[in-house]
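Each remark here refers to the structure printed beneath this line.
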Amino acid sequence: MPRMEDILNLPVQDPPCVEFSAANLKWVKVEGGRQGGDDIALIPFARVEEFVKGESSNAECPASFRIESRRKRSEGSISKPRVDGYLEYTLYWCSYGPEDYRDSESGNGDGSNVKPATGKGSRPGRRHMMRGCLCHFTVKRLYTRPLLALIIYNQRKHVDKTGAPCHGILDRDAVGTRAMYAPRISEDLRQKVMSMLYVGISLDNIIQHHIEAVQGHGGPHNRDDFLTRNDVRNMERVIRNSSHELHVDDECSVKMWVQRHHKHVFFFQDYSVSEPFILVIQTDWQLQQMLHYGNNGLMSFHSTFGSKKLKYPLSTLLVFDSSHNAIPVAWIITSSFVGQFVHKWIGLLAERIRTKDPRWRLSAFLVDNPSFDISTISPNSVDTIEEFMQVFVDQCAFMDYFKSQWLPHIELWVTGIRSLPVTTPEPLAAIETYHLRLKSKLFHEQNVNFWPRVDWLIHTLTTEFHSLYWLDQYSMETGYFENLRDDSFSTNAWSQALHIPDVNVMLDEQNLQLAKIISQADRTLAYTIWNPGSEFSLCDCPWSRLGNVCEHVIKLAMVCKSRQVARPLLAAQVYRQALLSLLQNPPDDPLVLEYAIVHATRLQQDIKGLEELSNSGLLQPLPLEVNPHMALNHQLFPRLP
């Protein structure tokens, strides 16, 4: 039996399941000290929440562990910390205890002399669930090892002071009552109902839907299945009484929100003289979407939204579902240029994902700001710019404007395109749709007075806007509430492209300079698409003329791919160059080097096949053209382990 001084020699346990409980861990009893005889185990601190959820799902004694007490210390506050010294101390107690009101509730006593075991006084509204349960555990975030959590299980069984089961199926007095189940609805159901309320689903429809769902899986099995109208009314009241303005001062209001919603705050850094304000928000639902759609998929960085209207610009991490809709999986609000301080939280996010799923891998990461060091510019592009400037050389005012406002961006675009591949049109269209939906939600005229407040932005994102995306995914998965879905989710450019018949596409496979697609609305009208099938396709339809990726470009890309007539993509050439560069300048990380060798070999085989097709005359070389019309600033990083 080890002593508390030996805890750092214990193995760190990290079960592979999403949620885990005490049954998934190997416990060690401590000898002596304040925790003598208690069970202890070490787990990653990032997984404490999953452990609490797993413990609440005990089949024999469903429970809900509340935070009974919490203490925190700042780093550097202790000169000689104990081996079990903590940065954070949290005591979790089963919600069926420690007080016991069973006798007073049944009329066997007046209960006037019953005092809470912890001496904190009675908890209003909880008498009906207090059954004397002594099950509780302590979590310490270790001072000397902040990434680890020491779990001290003081009482693992759900029993009262006599040692008898006091709730769940093992308690005979609880059979047939709500004490058989968890005392409260789960956080998942609460989030589900709140989202329904935010998007305007009525109480009656919520209850009716819930009844159908319970009947669908054979009747009630847990506390969630007993959702009542009163539960929903309570959540309605919470929404009705909530406000973004927790304090008159915006900075104080934001800090109060962070304290109240610590589960949604992934990273927070308050503003100071030397450091910028940074707030990264990620809800549990967003994390699940990131795990689901980001694995072996794309992730995009949509940056600096609202820099001219909002107090601080908003950036978003996006993943893409099977219908090519962009789903926000994290929001970043910062007072500085987001790229300068991304290192403060991006590594922590990667670690959080790996903690949840060690096998999770990203195929590619898209960025929308080509602010990279400019070393060389394409000679062809330089010639084009010089010719343009010669034409307007006598327009001094215009040339000053062009040089100051546009020339730097053009140089960045060209450099970005030469150094990083450009992604396909489907994610570009999805990103544009997300941008328009965000703009429509936040920049409505009725909100103009709120734009200078960060607390309003946070509140809007995490309530109404978050609920729109929750409803869309829930509707796709279950088929419910399809009539309430935002039309833009089902009418994005990719979805519209699927409805264009192949017969409407006029493509000369011997001349891939341009193609035409007959309009769905007016069959006498045909739109022209230049560079069909490439990253730089351009259409002359009204939507594309506004700088967007249209359904015609996406449809033509589908047709070119199915007929195998697309030209070699510039993205493949740039990707190959990036891999060869890794081979010529081997990185320190052996995993990255191994990745480069494997994929460079595979890509070389693919390019050899394309070259054979090109030599046969079926494919024509693709000229480098800077498309001023398309969102060229969305670049694609090569996938790295």
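The values are calculated or read from the model by the stated rules, or taken from the named source; none is laboratory data. All figures in this text were calculated on a predicted structure; none of them were measured in a lab. A quick note on method: Cβ atoms are made from the backbone with ideal geometry, for glycine too, and the neighbour counts reach across all protein chains shown. All accessible areas refer to the heavy atoms of the entire protein, side chains included, with ligands and DNA or RNA removed. Shrake-Rupley method; radii C 1.70, N 1.55, O 1.52, S 1.80 Å.
Residues in region 528-551 that are among the acidic types (Asp, Glu) and surrounded by fewer than 21 Cβ atoms within 10 Å (Cβ to Cβ): 1 in all.
In region 348-359, the residues that are under 16 Å from Gln288 (Cβ atoms) and of a type in the set (Asp, Glu) form Cβ pairs under 9 Å with partners that are open to solvent by 30 Å² or more (accessible area, probe 1.4 Å) and in a loop (DSSP other than H, G, I, E, B), at six or more places apart or across chains, as follows: Asp357/Pro16; Asp357/Val18; Asp357/Asn295. Inspection of region 458-474 finds no residue satisfying the criterion of being touching a residue at least 60 places away in the same chain (Cβ under 8 Å), polar (S, T, N, Q) and surrounded by fewer than 16 Cβ atoms within 10 Å (Cβ to Cβ). Residues that are over 19 Å from Leu457 (Cβ atoms), in a loop (DSSP other than H, G, I, E, B) and acidic (Asp, Glu) within region 263-291 comprise just one, Glu275. Of the strands (runs of 3 or more DSSP E) lying entirely inside region 307-383, the ones with 3 or more residues being at pLDDT 85 or above and crowded, with 17+ Cβ neighbours inside 10 Å are found at 314-320, 326-334. Scan region 493-504 for residues that are under 17 Å from Val549 (Cα atoms) and surrounded by 14 or more Cβ atoms within 10 Å (Cβ to Cβ) and the total you get is 6. In region 26-35 there is at least one residue that is of a type in the set (D, E, K, R), farther than 20 Å from Asp224 by Cβ and modelled with pLDDT of 85 or more.
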